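Report on the following structure.
The values are calculated or read from the model by the stated rules, or taken from the named source; none is laboratory data. As the structure is a computational prediction, the values presented were derived from the model and not from experiment. Neighbour counts are summed over all protein chains in view; Cβ atoms, including those assigned to glycine, are modelled from backbone coordinates with ideal geometry. For accessibility, only protein heavy atoms count, side chains too; no ligands or nucleic acids. Shrake-Rupley method; radii C 1.70, N 1.55, O 1.52, S 1.80 Å.
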Amino acid sequence: MLENLPKTYDPKDFEDRLYKFWSDNNYFTPKVDKNKKPFTIMMPPPNVTGSLHMGHALNNTIQDVLTRWKRMDGYEALWLPGTDHASISTEAKVVDKIKSEGKSKEDMGREAFLEEAWDWTHLYGGRIKNQLKKLGVSCDWSREAFTLDENLSKAVEEVFIRLYEKDLIYRGNRIINWCPSCTTAISDAEVEHEDSHGSIWQVRYPLKDGSGHIEIATTRPETMLGDLAIAVNPEDERYKDLIGKTAILPLVNREIPIIADSYVEMEFGTGAVKITPSHDPNDFEVGARHNLGQCIIMNEDGSINEKGGAYKGLERFEARKKIVEDLKEGDYLVAVKDHDNAVGHCERCKTIIEPLISKQWFVKMEPLAKPALEAYYKGEVNFIPERFGKIYTHWLENIKDWCISRQLWWGHRLPVYYCDSCGEVIVSRTPVEKCNKCESDNVRQDTDTLDTWFSSALWPFSTLGWPEKTPDLDYFFPTDVLVTGYDIIFFWVIRMVFSSIEQMGEVPFKDVFLTGLVRDSQGRKMSKSLGNGIDPLEIIDEYGADALRFTLLTGNSPGNDMRFYTERVEANRNFANKLWNATRFVLMNLQEDIGFGQLDLESLEEEDKWIVSKLNKTIKEASDNLEKYELGMGAQRVYDFIWDEYCDWYIEMVKSRLYGSDENSRLTAQKVLVYVLKDILKLLHPFMPFITEEIWQHLPDSNQALIVTSWPKYKSELEFEYSENSIEYIKTAIKHIRNARAEMNIAPSKKATTIFVTKDDVVKSYLENGKRYFINLASAESIQIHDNKDGLGEDNISVVLHKAEAYLPLKELIDFDKEIERLEKEKEKLDGEIKRVVGKLSNQGFVAKAPEKVVEEEREKQRKYEEMLDKVLERLESIKNIK
RNA sequence: GGGCGGUUAGCUCAGUUGGGAGAGCACCACGUCGACAACGUGGGGGUCGUUGGUUCGAGCCCAAUAUCGCCCACCA
């Protein structure tokens, strides 16, 4: 009946097979069942361009732990997977690809380019899904979504139109971040600021009336081509007389006014600022206040346009160089100084961003941010760890309108149409062929697409069928927890929250669990360019998915970065191996057909009750840990129970019964071994799904798959205090005896009669019941229990215990000097403990103010240690006398 | 400029209501005894960055400070 496990643990033997088994049986697919509670997680959709990296492995492992646990705990657990079209990233890759084939976007045209992009998506989009499966993710592939799916696109369009109709989306001429390489506008969040060492140039602009000049300072000299004014602070005495005068823009010879604006800081630079309204956000504001108009001097690719006169056609940094040279030549350049400032780069391609004025579409953020902040302050959204709430509130409190239009082709096209006859702007759910104002058919759709985050902002409900009122949406929304990296709080988390509040009327998730970064062993960020990335698939291939998962879950805490060491994976693989072998031991000692259903509490022996009681506590504590998202602590607790309690102690203690002649005792031991093992597998399953399922299916009476069994429950009737005390006493005694023997260099093969001397009835009962443990685990030949040590002689090793003393008569082996040395060491230890306890207890404040329980514990310790010290001293005395 | 985090054993890190400092790896010694050498047993190793405060009691709370790191920010 019992099929034995292979001798060695090899995850390759079963991981893929089990994934298929779960999948084929639809265990990942929850039903809409009103009698059960739903539990929902939306997987942060990886980009179709990507392949699995450690970051994915980490957050998907966490999601899988939560999902598997909740599924076992009786919930209809939905973990919905999917992928993101990742507009700008994917487009860049496709552009590169066609470029290598000698083609360009423009040559191909929109239709053909999109076909290429879809081909790319189909080719690479599936790759990461298969990689995720290797990790063991129990997500519901039948509900898989893609941001460009028809229904998700419909959701995007619907949201755009609703926001437009509420005046929350508008089109306007504003300063945006322009990437000359991607040739598109990007949002503020997509700009990375990087400190750089640069220069600041001081330039003098002559005054028109010939009365002198005014000096300005700039870090971007090329933008002077677009200068429309010079601004000074109205309070600045130095420039008071110049306000209202006209200056001549060098090299261009444009006449520009000198204006006063309090935005200018007198202390900075020269106190006079050139104003370039079309190429700087602050200047834009100043320009608007003073009606300066606009002067755009750059093309899409960042080169200087016809407004730049002689500099036309130069790339922007070439132009800078040339302009500085010319300024110098014309004696306009006063000084060049070193200057540090933060330069904005495109998050995708790292090109330096050019702020410039452009007509784009924006989401008006303030009305959306407000409820999102309120939701947080009302506790509707919680961050784990809490500190990340500050990032959330800080961003929302300082929010600016969100530029959502992109000059890209891969993505959701704006549902906006322009009439070229009358200029009407039409936003429509259906294609527009005729202007609804002038009835002209001279109508065209906007060629822009939406920021990729616009669609991912809707992920928690668009994936469930919104705007349709689907049963899924009704049942599974709002979701329970979002698991993601702290680096996309404002890209994604915030946008989901306000989108959800706006469209659904409630927050999309209750908890946000934030993961840190997985770094290499030297603490560096893993990156392609550094070549220090560790491929999760290679790790899985070598050590198995379970070991990788366990490594990612333990040894770090939420929101903190972690370093990845293959040594840790190896250690966790060893743990899996330990469990594997423990199971083999259990299986090879089972008799057939004894029935492993219920535990018969009446027949349990001391160590049985002890392990059951310990298991019971572990169930409670591990469940509490999971409840509080303390996944690493929960995993560690289960690990410790398995290795320290079950393997190192329980199995060892029970061996004599398995090999013994007492049939009832033997069968009880077998039953308890299986009983505890089954709960162990359940507790470990969310963390290590493969090995636990594989073992489970080899156990007797386990017809149902482990993945859908029930999570163990704490039961107060399974607490056995006496047994716990008894076994813990025995464990301590065994450790002491082992220690003494090791220190005396007495090999375990040299067995000795062990004589316990005690007057304490409770200890006597512990020892009486525990005789066989000493024989098996402490190299005892036989056990005697005496009331006093009369007639024992002195040729013994003495092991001092609490309320007892153990004697090992090993006459010919005893080296009295060593024995004295060992006892002296013991004495020192006890002296130290007593000193600490007495110190504490002689502090009146402590005795008076500490809780009675704590004080009594300390008193008890004092009695215990003094009692033990007495015996050590007595022993030392008598042994010295012999010498 | 603003905000946040780390600083605990040789290394990497846990330590969540303040009550005798833990794990893994590494190291030393012994061991192949009928699950496991991917192992067992025993051991060494820390004034928890520094200073001050609160408290009977601080790795944990408060205030400074040092140092490393991260995030945000339109000073030309």
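Restricted to region A:265-315, and to residues there that are within 14 Å of RNA strand B (Cβ to nearest atom), touching a residue at least 40 places away in the same chain (Cβ under 8 Å) and assigned to a helix (DSSP H, G or I), the residue that is nearest to A:PRO355 (Cα to Cα) is A:PRO281. Whether any residue in region A:529-537 is near RNA strand B (Cβ under 8 Å from one of its atoms) and of a type outside the set (Ser, Thr, Tyr) is what I want to check. Within region A:529-537, none of the residues are near RNA strand B (Cβ under 8 Å from one of its atoms) and of a type outside the set (Ser, Thr, Tyr). When residues in region A:570-606 are screened for being more than 31 Å from the chain's Cα centre (by Cα), within 14 Å of RNA strand B (Cβ to nearest atom) and either under 20 Å from A:PRO712 (Cα atoms) or in a helix (DSSP H, G or I) (or both), 8 of them pass.
If I go through region A:740-762 residue by residue, how many of them are open to solvent by 70 Å² or more (accessible area, probe 1.4 Å) and more than 10 Å from RNA strand B (Cβ to nearest atom)? The qualifying residues number 5. Within region A:500-512, being open to solvent by less than 10 Å² (accessible area, probe 1.4 Å) and over 11 Å from A:PHE477 (Cα atoms) holds for one residue alone: A:VAL512. Checking A:SER710, A:SER765, A:SER723 one by one, the residue that is more than 16 Å from RNA strand B (Cβ to nearest atom), closer than 30 Å to A:THR692 by Cβ, in contact (Cβ under 8 Å) with a residue 12 or more places away in the chain and assigned to a helix (DSSP H, G or I) is A:SER723 and no other. Return the only residue of A:ALA185, A:ALA155, A:ALA145 being within 24 Å of A:HIS85 (Cβ to Cβ), in contact with a Cys (Cβ under 8 Å, 6 or more places away or on another chain) and either open to solvent by less than 10 Å² (accessible area, probe 1.4 Å) or at pLDDT below 95 (or both). After applying the criteria, what remains is A:ALA185. In the set (1) more than 10 Å from RNA strand B (Cβ to nearest atom); (2) polar (S, T, N, Q); (3) touching a residue at least 24 places away in the same chain (Cβ under 8 Å); (4) open to solvent by 10 Å² or more (accessible area, probe 1.4 Å), the condition left unmet by A:SER661 is number (3).
Each residue in region A:768-800 was checked for being under 56 Å from the mean Cα position of the chain (by Cα), in a loop (DSSP other than H, G, I, E, B) and surrounded by fewer than 21 Cβ atoms within 10 Å (Cβ to Cβ), and 1 pass.
Among the criteria (1) out of contact with any Leu (no Cβ under 7 Å at 6 or more places or on another chain); (2) more than 16 Å from RNA strand B (Cβ to nearest atom); (3) open to solvent by less than 10 Å² (accessible area, probe 1.4 Å); (4) in contact (Cβ under 8 Å) with a residue 24 or more places away in the chain, the one A:PRO478 does not fulfil is (3). Just so you know, in region A:163-210 the residues that are out of contact with any Leu (no Cβ under 9 Å at 6 or more places or on another chain) and in a loop (DSSP other than H, G, I, E, B) include one that is nearest to RNA strand B (Cβ to nearest atom), and it is A:SER187. Evaluate the following for A:ASP541: is it within 22 Å of A:GLU693 (Cβ to Cβ) and surrounded by fewer than 15 Cβ atoms within 10 Å (Cβ to Cβ)? In short, yes. The condition (being closer than 30 Å to A:ASP520 by Cβ and basic (Lys, Arg)) is satisfied by just one residue among A:LYS12, A:LYS20, A:LYS31, A:LYS36: A:LYS12.
Given the condition among the charged types (D, E, K, R), part of a loop (DSSP other than H, G, I, E, B) and modelled with pLDDT of 95 or more, answer yes or no: does some residue in region A:659-677 qualify? Within region A:659-677, none of the residues are among the charged types (D, E, K, R), part of a loop (DSSP other than H, G, I, E, B) and modelled with pLDDT of 95 or more. Restricting A:TYR766, A:TYR807, A:TYR773 to residues that are under 17 Å from A:MET868 (Cα atoms) and aromatic (Phe, Trp, Tyr) narrows the list to A:TYR807.
Please determine, by comparing only the residues of region A:556-569 that are near RNA strand B (Cβ under 8 Å from one of its atoms) and in a helix (DSSP H, G or I), which one is surrounded by the most Cβ atoms within 10 Å (Cβ to Cβ). Here the answer is A:ARG568. For region A:377-418, filtered to residues that are hydroxyl-bearing (Ser, Thr, Tyr) and within 15 Å of RNA strand B (Cβ to nearest atom), the residue that is surrounded by the fewest Cβ atoms within 10 Å (Cβ to Cβ) is A:THR393.
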